[in-house]
Amino acid sequence: QVRLVESGGGLVQAGGSLGLSCAASGSVLRLGAMGWYRQAPGKQRELVAQSTGMGNTKYGEAVRGRFTISVDNVEKTGYLLMNGLKPEDTAVYYCYALLTPLETEIPRDYWGQGTQVTVSS
């Protein structure tokens, strides 16, 4: 069964760094776009970073210049390096990817289980 498995996150002091990873498991024929959204309590889900799968990246305004997304297309794993973390970065981070399962050959969006990132002041 195709799914996304997230790891990383945790608790860090302001100014510190954390890394997240997101791995596609199961029989995946193709990986397209991959990225992360985040949602803080009482707030809407917002884009953090996205890799389009064509070598292009996009970042949310709040994290641009501090976060870096990279994707290993062979391993079908994405990485989010978060530097200069601020308390306002505290949220649950959800990875997503456009995956084409070998079984169906129909691309669709998949979401990870979410991982908590907490930045203390």
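The values are calculated or read from the model by the stated rules, or taken from the named source; none is laboratory data. Just so you know, these numbers come straight off a predicted model, no measurement behind them. Cβ sites come from the backbone with ideal geometry, for glycine too, and all protein chains shown count toward neighbours. In case anyone asks, the SASA skips ligands and DNA or RNA and just uses the protein heavy atoms, side chains included. Shrake-Rupley method; radii C 1.70, N 1.55, O 1.52, S 1.80 Å.
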Would you mind telling me which numbered condition in (1) in contact (Cβ under 8 Å) with a residue 60 or more places away in the chain; (2) on the phi < 0 side of the Ramachandran plot residue 10 fails?
(2)
Is it the case, given these coordinates, that residue 60 is surrounded by 15 or more Cβ atoms within 10 Å (Cβ to Cβ), at pLDDT below 95, among the small types (Gly, Ala, Ser) and more than 14 Å from residue 4 (Cβ to Cβ)?
no
Can you tell which of 79, 37 is closer than 15 Å to residue 98 by Cα, modelled with pLDDT of 95 or more and open to solvent by 40 Å² or more (accessible area, probe 1.4 Å)?
37
Answer yes or no as to whether residue 26 is closer than 16 Å to residue 2 by Cα, surrounded by 14 or more Cβ atoms within 10 Å (Cβ to Cβ) and of a type in the set (Gly, Ala, Ser).
yes
Scan region 45-56 and give yes if some residue there is in a strand (DSSP E or B), open to solvent by 50 Å² or more (accessible area, probe 1.4 Å), in contact with a Leu (Cβ under 9 Å, 6 or more places away or on another chain) and at pLDDT 95 or above, otherwise no.
no
From the residues in region 82-121 that are without any contact (Cβ under 8 Å) to a residue 24 or more places away in the chain and touching a Ser or Thr at 6+ places or on another chain (Cβ under 9 Å), which one is surrounded by the most Cβ atoms within 10 Å (Cβ to Cβ)?
108
